[in-house]
1. Sort 409-416, 107-114 by the packing proxy (mean of other Cβ within 10 Å over each peptide's residues), most packed first.
2. So the label point goes 7 Å from the Cα of residue 284 along Cα→C-beta, right? Which residues of the range 87-125 then have their backbone N under 16 Å from it?
3. With only alpha-carbon pairs counted, each pair once and no self-pairs, how large is the Kirkwood hydrodynamic radius of the chain in angstroms?
4. In whole Hz, with x marking every Gly and Pro, tabulate ³J(HN,Hα) for the range 363-372 from phi via Karplus 6.51 cos²θ - 1.76 cosθ + 1.60, θ = phi - 60°.
5. Taking the solvent-accessible surface of protein heavy atoms with a 1.4 Å probe, what is the per residue accessible area of the chain in Å²?
6. Rounded to whole Hz and in sequence order, give me ³J(HN,Hα) for the range 306-317 from the Karplus expression 6.51 cos²θ - 1.76 cosθ + 1.60, θ = phi - 60°, writing x for Gly and Pro.
7. May I ask you to evaluate 6.51 cos²θ - 1.76 cosθ + 1.60, the Karplus curve with θ = phi - 60°, for each residue of the range 36-49 and list the ³J(HN,Hα) values in order in whole Hz, giving x for glycine and proline?
8. Leaving ligands, DNA and RNA out of it, report the carbon-plus-sulfur percent of the accessible area of the chain at a 1.4 Å probe.
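The values are calculated or read from the model by the stated rules, or taken from the named source; none is laboratory data. From a predicted model like this one, the values you see are computed outputs, not experimental measurements. Note that each Cβ is placed from the backbone with ideal geometry, even for glycine, and that neighbours are counted across all protein chains shown. In case anyone asks, the SASA skips ligands and DNA or RNA and just uses the protein heavy atoms, side chains included. Shrake-Rupley method; radii C 1.70, N 1.55, O 1.52, S 1.80 Å.
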Amino acid sequence: MEIINTIIGLGASVMMPIIFFVVGLIFRMGIGKSFKAGMTVGVGFVGVNMVINLLLDNLGPASKAMVNRLGLHLTTVDVGWPTASTVGWGTPIMVATVVGFLVINAIMVFCKLTKTIDVDIFNYWIFLQVGALVYAVTSNFWFAVIFTWVIFAIVLKVADLAAPYIQKEYNLEGISFPHLAGLAWSPLAIAVNWIIDKIPGLKNVDFNADKIRKRFGAIGEPVVIGFLLGLLIGVLAGYSPDKSVTLAINIAAAMVLLPKMIDVLIEGLISVRDAAEKQLKIWFPNREFYIGMDTALLIGDSSVLATGLLLIPITILLAFILPGNEMLPFADLASLVFILALVTPFVRRNMFKMLIVGTLSVIIILYVGTDIAPWVTQSFTQSNIDLPKDFTAVTNMTGAVSTWIGWVAVKIGELFNMIA
């Protein structure tokens, strides 16, 4: 466990170059090209993380200021995905579960049960946190491990099904996204898209970033949209004019820089993908394979970023007005953009539909987070994570435990307890 924790502790920007270097060697790219591809992916991840941190570091305090202005006093606090990831990697079921993931993926690929080769190892924490939740409910080690294995296998299949839509919308050939927290909201996006397309008038509403840019010229450019949304958030946070302008410029910078950093990452990724595709066709004729990646590749889209920013004040308002809600949106407010990454392809980048799906998702998250908070809190305790003072329970908004999947996992665990 110590070795695995050390490797994971290096972070994605170190893990991914190593992974892609090894993958390059496996697919006979040669040492030089494999090293270059791995380093390019690593540099891309560093760039993406720098811009995401720029975004989160500026949005985080603004979001917290909005919460304080509304005077929200709720008992379950959102501690954010970084803390939640330590729960996943710190859970007692971690080693057995991760080894199982690698074996399951290999078997499913060999037996033609999936096209996805999941190299997004860092985000195994999302699956592991759900497993930790089930372990907290049942106290049964192997039930929690097997349950998490089943979820992982299902997600590989769902990633296969979603891949063609994502590849078409984002122009990413040979890539899939076995991202449990993101895929949780894809069915809701499909349902909302279908319903709205049946409603006269509403079906014609299309706030698409590309169309906005064409219609409004410079005002519709991502840099301007980011600046204006940054100003709005600054005003809602009660910032002074100079502080609001600083926030706006930083958000505008993120809107411009994030897609460029993602392009660097994709450059390295494509070289490995092409080599893998060529070699796999030799080894497995007439087979198609996808490389499973993190949804960080998708959030550079201007529609995703803009809608994610709008979702922050909406989330705070919902926490204030929803009856029975006890969950305080906090650390993950700035990360709400990740909820929308795998929503976008199924609503064709329509920001109106994305905002509806995002709002419905947040409502579900708040109620699920409130309902299962005691079990989530126990999973934190089992992973030796210290709880914040002044709060009786904890959870996080952008992982999988506060989605409908987390709620189902708890109910299945409770059913197991009744039967066992």
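1. Details: 409-416: 17.1, 107-114: 14.6.
Sorting 409-416, 107-114 by mean packing, highest first, produces 409-416, 107-114.
2. Output list for this probe position: 102-120.
3. Across the chain, the inverse of the average 1/r is 22.0 Å.
4. Rounded to whole hertz, the list is 4, 4, 4, 5, 6, 5, x, 5, 5, 9.
5. Working: 18040 Å² over 420 residues.
Result: 43 Å² of accessible area for each residue.
6. Per-residue couplings from phi come out as 5, 5, x, 5, 5, 6, 5, x, 5, 5, 5, 5 Hz.
7. Each residue's phi maps through the Karplus curve to give 4, 4, x, 5, 5, 4, x, 4, x, 5, 4, x, 4, 5 Hz.
8. 68
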